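The values are calculated or read from the model by the stated rules, or taken from the named source; none is laboratory data. Predicted model, so just to flag it, every value in this text is computed and none were measured. Note that we place each Cβ from the backbone using ideal geometry, even for glycine, and neighbour counts take in every protein chain shown. When the accessible area is computed, the model is the full protein with side chains, heavy atoms only, and any ligands, DNA or RNA have been set aside. Shrake-Rupley method; radii C 1.70, N 1.55, O 1.52, S 1.80 Å.
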Amino acid sequence: MIWGLQKRLLVLLMLPLSLVGLVSMFFHYQSASTVALQKDQQLQRLLPMLADSIVVVSDAPMRDELDDDPGLVLLLAPPVEEFLKEREGFAAYGIADHNGRQLAGESWLPTILPSTDDAEFVSVVEGGITYRVIAQRNPTAAGDMILMLADGSDARQHWLDTVLVRVILPNLVLLLVAAAAVTWAVARALRPLLTLKLAVERRSPRDLSPLDVESAPVEVRPLVTSLNRLFGLVNQQAEAQRRFVADAAHQLRTPLAGLQAQVEAWAQAARSKQGADLLALRVDQVQRLRDATRRTSQLANQLLALSRADTANASAQPTQQVDLMDLCETILALYLDAAAEKQIDLGLETEPAQVTGHGWLLRELLINLVDNAIKYTPAAGRVTLRCGLQQTPLGQQAWLEVEDDGPGIPAHELHKVLDRFYRLPGTPGEGNGLGLAIADEIARAHHTLLQLHRGAQGQGLRVRVDFVPVSPPPEEPASAPMPFA
């Protein structure tokens, strides 16, 4: 983590420094070009003065005479003489006749024969110095001659050295200092984060206690808070799983023990027959075996449904459009025989309604509600399935409910009956206490809650589920009429 931040910071620092260096190099080059242009213009201004320095006199002193031409005397103009003295060792001049024969000046200067009267510029390297040389045909007192001036202080020739010293080297030093500073600063600043990282790594999988928020840096506290929240959710999930496994084992123990007792009794009876082929069983024994088998099978199915209805598992499944009216009709057909055995009036009051959810889970929810209602409603009672739509400020809301006129649930027990494996004291018949718990878990998976109310005339139980409202689609604006041609 630290090296990742260090690399990022170094790259972020290197990019602007490199950009500054490139901009500086550009401006230095522009400045050098401007200075070089000014020097070229200065050389052009000095050439006519050099031409005026050639004078034709008789009996001129030999020290001032041009080579091989005693009638020509060179009297340097003050600006030219000053130019040569200021740049001693970096300036030179040359004079040649129209054929290119050098008459005066430095011998290393090249022979340049301009084809026109315009000035020509060339670069010449002499003694490790790059000279900017201008050559031009100029009329003099002795006729047309080729005049040359050389300047070794051309800024354009030395701009790379200037950029190296003034731009590149300072930026490299700055980059190295910044890299060292960033490495030290990031390592020191992220020390609390490394401590937090080690604290999380060294924990055992069972240690889900919250981390100390106050000891973390202010910028990291939201992360620590989120981790603590995640630890809490995982801890709740693990605790619920441990409780579920313990309760399931406890509930399965009774029917399995009954089955084992019946089978052991029959096995003992079979041994007493000493090899007889037939074993007589009493009716009550077969019924007890059937009841134990049914209860075990029902409990296993309910445990499987509860596991599938877990909110975390349901959220990973794709949703679909579920027709509640069709679902109610299907479940009604499944329980007609069970209702007829107890002479229960199983009714249906439905309106077209659809909801986005998990079809298999909503089917399981309705099965548990109807099964509970028929099981605990006395003979000649009434059970009604309903579904429909209602208008809310947020849009149309689908709802589903099952109502019976059975014994109902006391008000002080309403908050307990949704717990897993909880049954009301004195409840007749056999059950596992999972029906309402499964229905409530399915409702939560659909982002709603199971509502428990008194039935009609204050007796029985009415279980209702209000689904998330569906906002109506926005109205499309009326299209403008097409203009006539």
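What does the C-alpha gyration tensor say about the overall shape of the stretch 355-399? Classify as rounded when a/c is under 1.5, otherwise prolate if a/b is larger than b/c, or oblate. Oblate, since a/c reaches 1.5 and b/c is not below a/b. A simple spin-label model places pseudo-atoms 7 Å from Cα toward Cβ; at D212 and L198 they are separated by 1.4 nm. For V56, the residues 5 or more places off, or on other chains, whose built amide H falls under 5 Å of its own are V73.
What FRET efficiency comes out for D345 versus D466 if R0 is 25 angstrom and r is the Cβ-Cβ distance? Round to the nearest 0.05. With R0 = 25 Å, the Cβ-Cβ based efficiency is 0.45. Annotation for Q42 and A181: the two label points, set 7 Å from Cα along the Cα-Cβ direction, are 4.0 nm apart. At the residue level, K85 shows approximately 140 square angstrom of accessible surface with a 1.4 angstrom probe and all protein chains present.
Remark: the stretch 372-377, residue by residue, has Karplus-estimated 3J(HN,Hα) of 5, 4, 5, 5, 9, 7 Hz, where x stands for each Gly or Pro and the curve is 6.51 cos²θ - 1.76 cosθ + 1.60 at θ = phi - 60°. Sorted largest first by accessible area at a 1.4 angstrom probe radius, with every protein chain in place, the residues D118, D405 fall in the order D118, D405. Would you list, by chain and number, the lysines whose Cα falls below 16 Å from the Cα of K342, excluding same-chain residues fewer than 8 positions away? Correct list for K342: K375.
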